[in-house]
There are 2 protein chains.
Amino acid sequence: MTVLRADVRRAAVRIAPVARRTPVAVLDGDRVGLPHDVALKLETMQHSGSFKVRGAFNALLAAEVPAAGVIAASGGNHGAAVAYAASALGHRAEVFVPSTAPAAKQERIRRYGAQVTAVGADYAEAYQASVEHADRSGALRVHAYDQPAVVAGQGTVAVELGQQRPDLDVVLVAVGGGGLIAGCAAWYTDSLTLVAVEPEGAPTLQAARLAGEPVDVEVGGIAADALGARRLGTIAADLTGRYVDEAVLVPDDAIRQAQRVLWEELRVLAEPGGATALAALLCGAYAAPAGAAVGAVVCGANLDPASWSVLPGTGV
Amino acid sequence: MTVLRADVRRAAVRIAPVARRTPVAVLDGDRVGLPHDVALKLETMQHSGSFKVRGAFNALLAAEVPAAGVIAASGGNHGAAVAYAASALGHRAEVFVPSTAPAAKQERIRRYGAQVTAVGADYAEAYQASVEHADRSGALRVHAYDQPAVVAGQGTVAVELGQQRPDLDVVLVAVGGGGLIAGCAAWYTDSLTLVAVEPEGAPTLQAARLAGEPVDVEVGGIAADALGARRLGTIAADLTGRYVDEAVLVPDDAIRQAQRVLWEELRVLAEPGGATALAALLCGAYAAPAGAAVGAVVCGANLDPASWSVLPGTGV
């Protein structure tokens, strides 16, 4: 089970009428102490607030969606994305969230038109319940990352970035379950240096590389709501194994600093997971070769702006 | 004293190496109850957080800046813009702010490298003090809106938008002192329908149209910190008189609603003044002709994200 470059190209054609072609903004290196600029692909501005809707749209458009609609498990960006995509395409959607999911997140999924079922103590239990429910109802399951149509959809980020910035030598991508980086790897293959960035608190790719296969890890830290998958997907393990040159870890402090830089320099408010790829450059966890043209994906913005009161230096 | 189309073109060439070419994002009409999409020019992402830096860059690049540097009066976006532009070009900057300007805003101007002088009870007094100081020091004065090089610089928003979206039939622009709309009018002339939008609490253009010349008005409301000039500029009076087809007012509630829509649909956090042009479409103060391609400038984002806790419906 893998994803080919042609699958990503087909996904790009499929979702073009419904996904947003997000802009690329340039962060000036000399404003942030870097020897190079950084081209930022702003998936913060994608429908539903993260890149996840690309995979959701592709999964729904590539399949025959039954009358029972679609089903997903996630209290976070994937749940919102599936709800948004189903609504936009006129399908029913059910999203299973753990009972512990914050009311505000459940409400957002509901606002996008999905039926929300809160069940189980954690994601794993909610996911299991969603699978059993889908078996009964016949609804189409859309996995958060380990499903070929989902990975191919996420890879359309790289298709667009490749068109917008064909000059890039290095692209940094944050990793949770690995859907986004797997899609980017399927598209870029070995045409540039693809760098995986994980929070120290959620090192699924690092753990998989050390073990030689995906293994469960403990997850935590400020980006865990978006990048806190406990285990790398099998598709991601395959594609990152073949095409991801470097995998680095960043501490939570560096992620917060990247959030601050995005706001101060570009007035982009990114969630911690969305700022994680950039963080690797700012804190030096990854240093690009001299002269390289560098890009990074800012992959989500589903946070409460009011939570920014805790960050220093962000006032007007 | 006016600004010609050629002045705006020259400004665009002059500031291209230092100003940011901001992206255009499309707001889907069917998501917000409009019969058409809206192309949004995101000056929220401009250096210093608003379009104002374009005029500042052009004023500094068009003149011989003396060793005494540049001087401006403003506790808001203009002050930050002049400070940013002067720092980027290696000039000294002094910014006079009223003693009542919030400490956070003064601090932002200082962070951009300017010397901040707090003087006077209001903007008029701070402005007068800056003029007297400039007469003594020989520093170059950069007015917030009523100076040809500043207006020409602001018009480069229209140059870019014209390149990015040559199909537009209607463009909406918010008005305070009128620098931005005057620059846009000088560029677009009568090639499309230019619509001026003001908050009900700060109707400088409306008042000027009624009186036949710029007159002082009382200003207030949530956008006053950005659009609260007390009197339309003379350059703006001239150019809007010739090229602005419609001028409408919007209530503060509509501005807040536009801020919410920008966040919910695009994860763009705009200040009230930045959301004012879009507000006219959303509340129906201006209705575009059927079939028209519509654009609006989102002109600034200098707000404290934490202040968003007061807005309902913006959680994740």
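The values are calculated or read from the model by the stated rules, or taken from the named source; none is laboratory data. In this text the structure is predicted, and so the values were computed from the model without any measurement. Because the Cβ atoms are built from the backbone with ideal geometry, glycine has one as well, and the counts that use them run over all protein chains shown. In case anyone asks, the SASA skips ligands and DNA or RNA and just uses the protein heavy atoms, side chains included. Shrake-Rupley method; radii C 1.70, N 1.55, O 1.52, S 1.80 Å.
Placing unit charges on each Cβ (+1 for Lys and Arg, -1 for Asp and Glu) gives the range A:50-185 a dipole about its Cα centre, and among A:109, A:124, A:50 the Cα reaching farthest toward its positive end belongs to A:109. What's the carbon and sulfur percent of the range B:1-89's accessible surface, probe 1.4 angstrom, rounded to a whole number? For the range B:1-89, the apolar C and S fraction of the accessible surface comes to 52 percent.
Take each residue in A:260-273, count the other chain C-beta atoms within 10 Å of its C-beta, and the mean is 4. Computed over chain B, the per-residue total of -39500 (n - 2.57) for DSSP H runs of n ≥ 4 gives a 222 nm mean residue ellipticity of -12500 deg cm²/dmol, rounded to 500. Comparing A:98, A:88, A:72 along the charge dipole axis of the range A:52-148, the residue lying farthest to the positive side is A:88, per the Cβ-charge model.
Taking the DSSP bridge list for the protein assembly as shown and keeping only pairs wholly inside it, about 15 percent are antiparallel.
Taking the Cα centre of chain A as origin, work out the dipole magnitude from +1 charges on Lys and Arg Cβ and -1 charges on Asp and Glu Cβ, in debye rounded to 20. It comes to approximately 1020 debye. Against chain A, whose longest principal axis is taken from its Cα atoms, helix A:252-266 shows a tilt of about 80°.
For chain A, modelled as a Gaussian network with Cα springs under 10 Å, which listed residue fluctuates most, A:266, A:278, A:205? Its mean-square fluctuation being the largest, the pick is A:266.
Restricting the calculation to alpha carbons of chain B gives Rg and Dmax of 18.1, 57 angstrom. Expressed to the nearest 5 percent, the antiparallel share of DSSP beta bridges inside chain B is 15 percent. The heavy atoms of residue B:20 present about 20 square angstrom of accessible area, all protein chains included, probe 1.4 Å. For chain A, what relative contact order do you get, as a whole percent, if you take Cα pairs closer than 8 Å and at least 6 residues apart? The normalised contact order for chain A reaches 20 percent. Which of rounded, prolate, oblate describes the range A:86-168, given a ≥ b ≥ c as roots of the alpha-carbon gyration tensor eigenvalues and a/c under 1.5 marking rounded, otherwise prolate only if a/b is larger than b/c? Here the range A:86-168 falls in the prolate category. A 1.4 Å probe run over the protein chains yields, for chain A, 35 Å² of accessible area per residue, whole-number rounding. Just so you know, the averaged projected area of the alpha carbon convex hull for the range A:168-235 sits at 4.5 nm². Please state, as a whole number in µm²/s, the translational diffusion coefficient that the Stokes-Einstein equation yields for the range B:153-193 at 20 °C and 1.002 mPa s, with Rh defined as the Kirkwood radius across alpha carbon pairs. After rounding, the answer is 211 µm²/s. Basic side chains Lys and Arg get +1 at the Cβ, acidic Asp and Glu get -1 at the Cβ, and with that the dipole of the range A:52-148 about its Cα centre reaches some 380 debye. Cα convex hull, the range B:114-260: 139 Å³ per residue, rounded to a whole number. Based on alpha-carbon atoms, the Kirkwood radius and the radius of gyration of the protein assembly as shown give Rg/Rh equal to 0.99.
If only the Cβ of Lys and Arg carry +1 and only the Cβ of Asp and Glu carry -1, the dipole of the protein assembly as shown around its Cα centre is close to 720 debye. For the chain pair B and A, the interface hides roughly 3000 square angstrom of accessible area in total, found with a 1.4 Å probe. If you average the C-alpha positions of the range B:197-248 and of the range A:135-157 separately, how far apart do those two centres end up, in angstrom? Between the Cα centres of the range B:197-248 and the range A:135-157 lies a distance of 52 Å.
Of the GluC sites (Glu not before Pro) in the range A:162-253, the ones in a loop by DSSP (not H, G, I, E or B) with at most 14 other beta carbons within 10 Å are A:218. If you take the square roots of the eigenvalues of the alpha-carbon gyration tensor of the range A:215-316 and sort them as a ≥ b ≥ c, do you get rounded (a/c under 1.5), prolate (a/b over b/c) or oblate? Verdict is oblate for the range A:215-316.
Computed from Cα positions, the angle between helix A:234-243 and the longest principal axis of chain A comes to roughly 20 degrees. Counting only other chain Cβ atoms within 10 Å of each residue's Cβ, the peptide B:77-84 averages 0.
With Cα atoms as the point set, the range A:14-66 shows a radius of gyration and Dmax of 15.7, 53 Å. Global dimensions of the range B:1-155 from alpha-carbon coordinates: Rg and Dmax equal 16.8, 57 Å. Partners of residue B:52 within straight-line reach, counting lysines whose Cα lies under 17 Å from its Cα and excluding those fewer than 8 residues away in the same chain: B:41, B:105. The antiparallel fraction among DSSP beta bridges confined to the range B:52-148 stands at about 0%. Under a Gaussian network description of chain B, with springs only between Cα atoms under 10 Å, the residue in B:108, B:14, B:267 that fluctuates furthest is B:267. The angle between the Cα long axis of helix A:52-62 and the main principal axis of chain A comes to about 50°, on a 0 to 90 degree scale.
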